[in-house]
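**Q** Have a look at this one before I ask anything.
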Amino acid sequence: DISCGTAPHYLMTSSEMIPNGCTLAKCSPPIRNRENMQMLRESVTTGAVKILSSWHLAFEPRQKMLHSGDLIRGIGGINSMQTLVPACWTFCHKVGLGPEVMSALLSTAPAESLGLSDTKGKIRVGMIADLCVVDL
């Protein structure tokens, strides 16, 4: 099986928005240009990309070399676990996808991809519940 996913920072940020030497935005793959961001957005809205995740990389702010502009020594990755849900909501709202689509992108599709759909990914009697309450 092949699955395709992305992280919200690729849907909400383009390389044109990032100042030169901004180590905070260093990640792999790198954030691409506006045209690429738009194609990725279309892939999510049409269902070609079925999973949104944080691709979280925990680090201390000093490891990003924030004020140095040193892209070689600054650690790569986006510390985004805490912003996953708000960023996904913002994206889905912006492109007209409802909460049921957001739920599928964040839970149902990842559970299916990992072979966990018998126990995870849906709110249903007998399922393991990992819930997130959002105050819009």
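**Q** Per residue of segment 87-95, in order, report the coupling 6.51 cos²θ - 1.76 cosθ + 1.60 (Karplus, θ = phi - 60°) as ³J(HN,Hα) in whole Hz, putting x for Gly and Pro.
**A** With the stated coefficients, segment 87-95 comes to 5, 5, 4, 4, 4, 4, 4, 4, 9 Hz.
**Q** Could I ask something else about it? Which of the listed residues, Pro61, Gln82, Gly47, is farthest toward the dipole's positive end in segment 1-98, when Lys, Arg count +1 and Asp, Glu count -1 at the beta-carbon?
**A** Pro61
**Q** In a shell of Cβ-Cβ distance under 15 Å around Arg62, excluding Arg62 itself, what net charge do Lys and Arg (+1) and Asp and Glu (-1) give?
**A** +1
**Q** Give me the 1.4 Å probe accessible area per residue for the chain, excluding ligands and nucleic acids, in Å².
**A** Numbers: 8880 Å² over 136 residues.
Accessible area per residue, the chain: 65 Å².
**Q** Another question, then. Report the one residue of Ala111, Leu71, Leu136 whose Cα lies farthest in the direction of the positive end of the charge dipole of segment 51-136 (charges on C-beta: Lys and Arg +1, Asp and Glu -1; origin at the Cα centre).
**A** So the residue we want is Leu71.
**Q** Could you size up the charge dipole of segment 1-109 around its Cα centre, putting +1 on the beta carbon of Lys and Arg and -1 on that of Asp and Glu, and report it in debye to the nearest 20?
**A** Computed about the Cα centre, the dipole is about 220 debye.
**Q** For segment 86-136, how big is Rg over Rh, using alpha carbon atoms and the Kirkwood form of Rh?
**A** Values: Rg = 11.8 Å, Rh = 11.7 Å.
On the Cα set of segment 86-136, Rg over Rh gives 1.01.
**Q** Next question. With a 1.4 Å probe and all protein chains kept in place, how do Arg32, Arg62 rank by accessible area, largest first?
**A** These residues rank, largest area first, as Arg62, Arg32.
**Q** At Ala48 and Arg62, where each label point lies 7 Å from the Cα along Cα→Cβ, what is the point-to-point distance in nanometres?
**A** 4.4
**Q** When Rg/Rh (Cα atoms, Kirkwood Rh) is calculated directly from the model, which label among (i) 0.97; (ii) 0.93; (iii) 1.00 fits?
**A** Comparing each candidate, only (iii) matches the computed number.
**Q** OK, next. Suppose each label sits 7 Å from its Cα in the direction of the beta carbon; what would the Gln38-Met81 distance come out to in nanometres?
**A** Result: 3.6 nm between the two label points.
**Q** For the chain, what is the mean residue ellipticity at 222 nm derived from helices alone (per DSSP H run of n ≥ 4: -39500 (n - 2.57); sum divided by total residues; nearest 500 deg cm²/dmol)?
**A** -7500 deg cm²/dmol
**Q** Would you kindly derive the ³J(HN,Hα) couplings of segment 26-38 from the backbone phi angles with the Karplus curve 6.51 cos²θ - 1.76 cosθ + 1.60 (θ = phi - 60°), listing them in order in whole Hz, with x for Gly and Pro?
**A** 6, 7, 9, x, x, 5, 9, 6, 4, 4, 5, 4, 5
The values are calculated or read from the model by the stated rules, or taken from the named source; none is laboratory data. On a predicted model such as this, the values are computed, not experimentally measured, just so you know. In this analysis, Cβ positions are derived from the backbone assuming ideal geometry, glycine residues included, and neighbour counts consider all displayed protein chains. When the accessible area is computed, the model is the full protein with side chains, heavy atoms only, and any ligands, DNA or RNA have been set aside. Shrake-Rupley method; radii C 1.70, N 1.55, O 1.52, S 1.80 Å.
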